[in-house]
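A.B. asks: Sharing a structure with you now.
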Amino acid sequence: MTLPTPLQHWLHNARAQRIAVFACMLLYAVSPVPDFWITQLNYIALYSLVILGLVLLTGIGGLTSFGQAAFVGIGAYTSAYLTVNMGWSPWLTVFAGLFITAVSALVVGWITLRMSGHYLPLATIAWGLSLYYLMGNLDALGKYDGIQGVPPIMLGSWDISQGRSFFVLAWGLVLLGVFALLNLLDSRTGRAIRAMRASVLMAEAMGVDTLRHKIGIFLIAALFASVSGWLFAHFQRTVNPSPFGLKMGIEYLFMAVLGGVGYVWGAIGGAVLTKLLEDQLQVLLPKLLGTSGSYEVIVFGIVLVLVLKYLPDGMWSLVGRWLPKPERVDDWQRAALLPERSKPALGETVLEVTDIRKQFGGLTAVKDISFHIKAGQIVGLIGPNGAGKSTTFNLVSGVLGLTSGTVKFRGETISGLPSREIANRGMSRTFQHVKMIPEMTVLENVALGAQLRGNQSALSSMLRLDRAEEQSLLREAARQLARIGMGHALHEQAGNLAMGPQRLMEIARALCSDPSLLLLDEPAAGLRHKEKQALIGVLRQLRSEGMSILLVEHDMDLVMDVTDHIVVMEFGTKLMDGTPEQVQQSPQVRAAYLGMEH
Ligand code: ADP
Ligand code: MG
């Protein structure tokens with residue numbers, strides 16, 4: 001069956017989709033569904049808010065937290081305490097709760113997120129446990145009995161913390177949260193978060209402050225949980241520690257995984273499935289087993305294992321593909337061009353490397369290497385395996401710290417600066433092993449390179465106030481892709497590209513930062529003959545446009561073909577440097593390479 005064109009068009013329009021979802025929510029509230037189903041969905045809304053935060057934090061950002069229930073607790077307890085004991089209005093306490101949540105999340109995040117690996121999950125477990133016992137032991141919070149008599153949320157004289165009005169309040173907030181997250185993911189900040197998950201090294205090289213972004217998503221997830229806690233306190237009209245313990249923290253994560261932790265809508269799917277499953281099991285299991293008890297926990301455990309094994313992307317990976325996708329509109333074509341930095345004049349020294357040295361314990365990987373690059377030059381860095389080329393590359397780009405020596409870029413000393421600061425000054429790089437966000441389009445991947453040329457915040461992206469800048473960033477990405485001859489592949493998924501186009505895409509991404517110097521780490525590795533020819537064409541063209549390039553490369557033919565000057569390394573030292581002809585004729589270089597081949 002095919003739908004009429006205007007209806008199809010409407011179905012695929014992002015804004016129309018959102019209005020439709022919102023309208024369905026309101027229709028449900030006024031429809032004659034039994035109150036039981038309204039109550040069920042009210043609980044589901046409370047869960048969904050927390051899981052939305054987990055989608056951002058865990059599904060997109062790759063950081064696992066078992067402690068979200070504790071943030072729900074902070075929102076709930078703050079509001080309960082301030083309304084009951086201080087007589088504050090719930091409309092004020094929601095902000096008090098958000099404030100206390102933000103301070104706690106920043107402290108916990110600041111301490112744990114600088115450590116890598118499993119510290120965050122462990123720390124969030126400790127955090128969840130300690131907050132639970134704190135709530136249970138403080139006299140002021142009523143110990144394990146909690147706080148009773150929490151007042152309702154009033155809109156004038158209308159109690160909106162129960163039944164259908166609460167449904168509209170809670171689901172209104174859930175949908176706002178969904179839309180805000182969808183907006184955030186489709187923005188400069190969203191790309192930065194995804195890049196951070198793909199590779200911290202790559203994200204930093206594109207100018208992303210990864211620690212700040214980690215703390216940022218941890219904060220946003222905590223704030224979502226806090227709002228859920230505020231709603232919960234006034235919906236239940238009482239709070240006690242048990243819904244905010246570690247068990248619930250694990251359950252939130254369970255719901256997120258079940259729904260599909262990588263999908264924003266999956267958050268709601270996971271909450272719905274869990275609630276329905278729980279209800280059914282509570283009725284069914286005692287009948288089957290003949291006894292009552294919390295056997296549903298065991299079934300949940302089994303379901304989780306099965307989901308992780310057979311459907312690791314969750315239920316939404318099945319459901320989502322049947323829903324109409326919002327259409328991508330290329331609305332950036334007439335966007336304002338980004339300002340460009342002043343470029344060095346042809347022949348000016350861009351990079352000056354003096355006596356750089358790197359020691360790894362007892363091994364000196366790079367011994368007092370010096371060379372320089374002038375604007376409009378392609379300088380090759382070659383040498384047998386283990387000669388110290390990659391280490392030199394990393395010393396120049398700021399990935400590794402120098403043991404001694406200096407690196408000057410456009411006349412300023414840059415040694416000691418973090419790689420994102422060096423990127424900010426106009427040095428941009430590619431990677432020996434391509435690092436990209438495979439599930440995003442080529443255009444979006446390349447736009448990541450323009451990260452430092454935008455300054456819209458996460459909040460303005462959530463509110464969709466970043467569109468003018470976003471369009472300029474996308475237009476720049478499209479321009480750079482056209483520059484290297486990939487203008488036809490903008491909307492392809494990056495992960496589906498062959499190796500050659502992937503490497504070219506990385507060059508376009510590096511160009512997007514408006515660099516004065518490009519560092520390319522083995523751009524020809526793994527390329528077929530035709531792809532190599534395309535690469536040579538691009539390098540020549542870039543040089544003719546005045547770009548300076550440092551090229552670390554294995555492929556001799558390519559190096560001899562495109563470079564103006566070559567630095568040959570062996571065992572960490574500079575064997576010689578000169579023009580391609582001089583290098584080719586050097587007996588030393590031949591000996592080094594022959595030695596390698598033996
Ligand atoms: P190339 O890129 O020329 O093949 P590298 O710069 O990768 O060479 O390595 C130079 C030497 O330094 C090698 O002996 C390598 O084993 C050593 N090396 C590189 N990185 C490290 C590290 N992080 N720790 C210890 N040794 C290293
Ligand atoms: Mg190497």
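A.B. asks: How tilted is helix 467-483 with respect to the longest principal axis of the chain? Cα atoms for both, answer in degrees (0 to 90, nearest 10).
C.D. replies: 30 degrees
A.B. asks: What's the extension gain from Lys143 to Glu439 if we count 0.36 nm per residue and subtract their Cα-Cα distance? Present the calculation step by step, with values, prior to reporting the outcome.
C.D. replies: On the way: separation 296, 0.36 × 296 = 106.56 nm, distance 4.80 nm.
Contour length minus Cα-Cα distance gives 101.8 nm.
A.B. asks: How tilted is helix 499-511 with respect to the longest principal axis of the chain? Cα atoms for both, answer in degrees (0 to 90, nearest 10).
C.D. replies: Once rounded, the angle reads 90 degrees.
A.B. asks: Additional query: Quickly rank 495-506, 580-591, 391-402 as a protection proxy: mean count of other C-beta atoms within 10 Å, highest first. Please list the in-between numbers first.
C.D. replies: Working: 495-506: 19.0, 580-591: 13.9, 391-402: 20.9.
Ranking, from highest mean packing down: 391-402, 495-506, 580-591.
A.B. asks: Follow-up. Output the peptides 439-447, 537-545 sorted from most to least packed, where packing is the average of other Cβ atoms within 10 Å over each peptide's residues. Mind showing how you got there, number by number?
C.D. replies: Details: 439-447: 23.8, 537-545: 15.8.
Ranking, from highest mean packing down: 439-447, 537-545.
A.B. asks: Between Leu288 and Ala468, what length comes free when the chain is fully extended (0.36 nm per residue of separation minus the Cα-Cα distance, one decimal in nm)? Can you show the working numbers first?
C.D. replies: Values: separation 180, 0.36 × 180 = 64.80 nm, distance 6.00 nm.
Extra length from Leu288 to Ala468 when fully extended: 58.8 nm.
A.B. asks: Okay, next question. Projected onto the charge dipole of the chain (+1 at Lys/Arg Cβ, -1 at Asp/Glu Cβ, origin at the Cα centre), which of Leu185, Phe254, Leu41 gives the Cα projection farthest towards the positive end?
C.D. replies: The listed residue farthest towards the positive side: Leu41.
A.B. asks: While we're looking at this one, here's another question. Can you give the FRET efficiency for Arg237 and Leu134, using 1/(1 + (r/R0)^6), R0 = 35 Å, r = Cβ-Cβ distance, to the nearest 0.05?
C.D. replies: On the way: r = 22 Å, r/R0 = 0.64.
Using R0 = 35 Å, I get an efficiency of 0.95.
A.B. asks: Taking the Cα centre of each part, how many Å lie between region 371-420 and region 143-207?
C.D. replies: What the calculation gives is 44 Å, centre to centre.
A.B. asks: Moving to a separate point now. Past 32 Å, Cα to Cα: identify those pairs from Lys247/Lys435; Lys143/Lys214; Lys374/Lys435; Lys214/Lys358, in the order given.
C.D. replies: Values: Lys247/Lys435 37 Å; Lys143/Lys214 34 Å; Lys374/Lys435 28 Å; Lys214/Lys358 30 Å.
Flagged as over cut-off: Lys247/Lys435; Lys143/Lys214.
A.B. asks: ³J(HN,Hα) across region 192-199 via Karplus (A = 6.51, B = -1.76, C = 1.60, θ = phi - 60°), whole Hz, x for Gly/Pro?
C.D. replies: Result, rounded to whole Hz: 4, 5, 5, 5, 4, 5, 5, 6.
A.B. asks: A further question follows. Is region 312-444 rounded, prolate or oblate when judged by the Cα gyration tensor, a ≥ b ≥ c being the square roots of its eigenvalues, rounded requiring a/c under 1.5 and prolate requiring a/b larger than b/c? Write out the running numbers ahead of the final one.
C.D. replies: Details: a/c = 3.08, a/b = 1.66, b/c = 1.86.
It is oblate, given that a/c is not under 1.5 and a/b is not larger than b/c.
A.B. asks: May I pose another question? Round to the nearest 10 and give me the degree value, 0 to 90, for the angle of helix 90-112's Cα axis relative to the longest principal axis of the chain.
C.D. replies: 40 degrees
A.B. asks: Given Lys389/Lys574; Lys367/Lys389; Lys408/Lys532; Lys343/Lys408, which pairs have Cα atoms separated by over 20 Å? Mind showing how you got there, number by number?
C.D. replies: Values: Lys389/Lys574 10 Å; Lys367/Lys389 11 Å; Lys408/Lys532 31 Å; Lys343/Lys408 16 Å.
Going by Cα-Cα distance, Lys408/Lys532 fall outside the 20 Å limit.
A.B. asks: Considering the Cα positions of region 250-347, please state its Rg to one decimal place and its Dmax as a whole number of Å.
C.D. replies: Just the Cα atoms of region 250-347 yield Rg and Dmax of 23.5, 87 Å.
A.B. asks: Charges only on Cβ, +1 for Lys and Arg, -1 for Asp and Glu: so what's the dipole of the chain about the Cα centre, in debye to the nearest 20? Walk me through the numbers before you get to the answer.
C.D. replies: Working: 48 positive and 44 negative charges, 67 e Å.
With Lys and Arg at +1 and Asp and Glu at -1, about 320 debye.
A.B. asks: Let me ask something else. Compare the peptides 572-579, 382-389 by average per-residue count of other Cβ atoms within 10 angstrom and give them in order, highest first. Show your work: numbers first, answer last.
C.D. replies: Working: 572-579: 17.0, 382-389: 19.9.
Per-residue Cβ counts within 10 Å, averaged per peptide and sorted highest first, yield 382-389, 572-579.
A.B. asks: Using 0.36 nm times the number of residues separating Lys325 and Lys530, minus their current alpha carbon distance, what extension gain do you get?
C.D. replies: Details: separation 205, 0.36 × 205 = 73.80 nm, distance 3.59 nm.
Difference between extended and current length: 70.2 nm.
A.B. asks: Would you mind classifying region 84-225 by shape? Square roots of the alpha carbon gyration tensor eigenvalues, ordered a ≥ b ≥ c; an a/c under 1.5 is rounded, otherwise it is prolate if a/b is larger than b/c and oblate if not.
C.D. replies: Details: a/c = 3.04, a/b = 1.49, b/c = 2.04.
Judged from the Cα gyration tensor, region 84-225 comes out oblate (a/c at least 1.5, b/c at or above a/b).
A.B. asks: Hey, what's region 71-114 come to in accessible area per residue, 1.4 Å probe, Å²?
C.D. replies: Values: 1950 Å² over 44 residues.
Counting only protein heavy atoms, the per-residue value for region 71-114 is 44 Å².
A.B. asks: Further question: Taking the simple approach of a point 7 Å from Cα along Cα-to-Cβ for both Lys408 and His12, what is their distance in nm?
C.D. replies: Modelled inter-label distance: 5.7 nm.
A.B. asks: Assuming a ≥ b ≥ c are the square roots of the Cα gyration tensor eigenvalues, decide whether the chain counts as rounded (a/c under 1.5), prolate (otherwise, with a/b larger than b/c) or oblate.
C.D. replies: Working: a/c = 2.42, a/b = 2.03, b/c = 1.19.
Judged from the Cα gyration tensor, the chain comes out prolate (a/c at least 1.5, a/b above b/c).
A.B. asks: From the helices alone, meaning DSSP H stretches of at least four residues, give me the mean residue ellipticity at 222 nm for the chain, per-run term -39500 (n - 2.57), in deg cm²/dmol to the nearest 500. Walk me through the numbers on the way to the answer.
C.D. replies: Details: 24 runs with 327 residues, N = 598.
Value at 222 nm, helices only, nearest 500: -17500 deg cm²/dmol.
The values are calculated or read from the model by the stated rules, or taken from the named source; none is laboratory data. Nothing here was measured: the structure is a model prediction, and the numbers come from that model. Cβ sites come from the backbone with ideal geometry, for glycine too, and all protein chains shown count toward neighbours. With ligands, DNA and RNA removed, areas are computed over all heavy atoms of the protein, side chains included. Shrake-Rupley method; radii C 1.70, N 1.55, O 1.52, S 1.80 Å.
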